[in-house]
Amino acid sequence: MDKSANLPLTPHYPENEGPEGYNSAPAGLTAGRLGIWALIASEIVLFAGLFGSFILMRMIHPEWSEEARHLNLVAGTLNSLVLLVSNFFMMKASGAAGAENNDNVKKYLVLTMAMGVLFLGVKAFEYTAEFAHGEFPTSGGFWSFYFLMTGIHATHILGGLVALGLLLNRALTGSMGNWKGRVAITGIYWSFVEVVWIFLFPMLYLLA
C-alpha cells in the first residue's frame, strides 16, 4: 500500500513557524532588536576611536588639563543627572508598553523627551558661554575634541528625541499596535546614549 496516500495535502508547521511565521532567530531576538544592536555596535566603534584618540592626545598634551578648567562642571554634572533620570523614565515607558498601559506610556515618553530637551538646553547654554569666552572648535586640540565629541553625542540625543516623538504620536492616537516592541528598542538606544555620556563626562569635565 502506498503510504504517501496517508500524507496530508498541506504541510504542518509547529506554532510560530512556517512560511508566514517562521523565525529562526533565538527566542527574544527580533529583527528590530538585532538591528538596534548592530547600530550600537557600529556606534561603539565610532566612539571608541574618538575616546582612544583623545586619551592618546591627552597624554601627549598635559596642558589640556588647564583648558578643561574652563568647562562648566556644574552644567556637566546637571546633564549627567538629567540623563540618568531620563533613562529611568524610558525604562518605565518600556515596561508600561509591555503591560499595554497606554496612559503610562504617554506619561513616561513625555517625561523622557522633556529630560532630553533639557539636556540639549543645558548643552546649548554651555556652548554659548564657551563661544562668548572665545573658545571655538578651532581654538586648539582640546576644544576640537570637546566640540566634536559632545556635538556627536548631542546629535544622538536629537535623533533619540525624533524616535520618541514618533512613539508618542502613536500613543496619543491610540494606535501603538505592534509598535509596543519599538518602545523597548528605543529604550536600548537611549541607554546607550547615556552610557556614552558616562564616559564623556569624566574624560572632559574631570580632566582638570
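Observations, loosely collected:
- First in the range 179-201 and farther than 13 Å from MET91 by Cβ and surrounded by fewer than 18 Cβ atoms within 10 Å (Cβ to Cβ), second anywhere and of a type in the set (Ser, Thr, Tyr) and at pLDDT below 95, Cβ under 8 Å, 6 or more apart: GLY181/THR30
- Which numbered condition ALA97 fails, given (1) in a loop (DSSP other than H, G, I, E, B); (2) at pLDDT below 95: (1)
- Members of the range 164-178 found to be assigned to a helix (DSSP H, G or I) and surrounded by 17 or more Cβ atoms within 10 Å (Cβ to Cβ), listed by number: LEU164, LEU167, LEU168, ARG170, ALA171
- Number of positions in the range 152-163 that are touching a helix residue (DSSP H, G or I) at 6+ places or on another chain (Cβ under 9 Å) and either under 26 Å from LYS106 (Cβ atoms) or exposed (fewer than 15 other Cβ atoms within 10 Å of the Cβ) (or both): 8
- LEU71 meets the conditions (1) part of a helix (DSSP H, G or I); (2) in contact (Cβ under 8 Å) with a residue 24 or more places away in the chain; (3) of a type outside the set (D, E, K, R) in every case but one. The failed one is (1).
- Test result for MET149, assigned to a helix (DSSP H, G or I), at pLDDT 95 or above, within 20 Å of GLU66 (Cβ to Cβ) and not aromatic (Phe, Trp, Tyr): yes
- Residue list for the range 109-125, filter: buried (at least 18 other Cβ atoms within 10 Å of the Cβ) and farther than 30 Å from GLY174 by Cα: LYS123
- Positions within the range 92-112 being under 18 Å from HIS156 (Cβ atoms) and touching a Gly at 6+ places or on another chain (Cβ under 7 Å), in sequence order: none
The values are calculated or read from the model by the stated rules, or taken from the named source; none is laboratory data. Not measured: the values here are computed from a predicted model. Ideal geometry is used to build each Cβ from the backbone, glycine not excepted, and the neighbour counts take in all protein chains shown.
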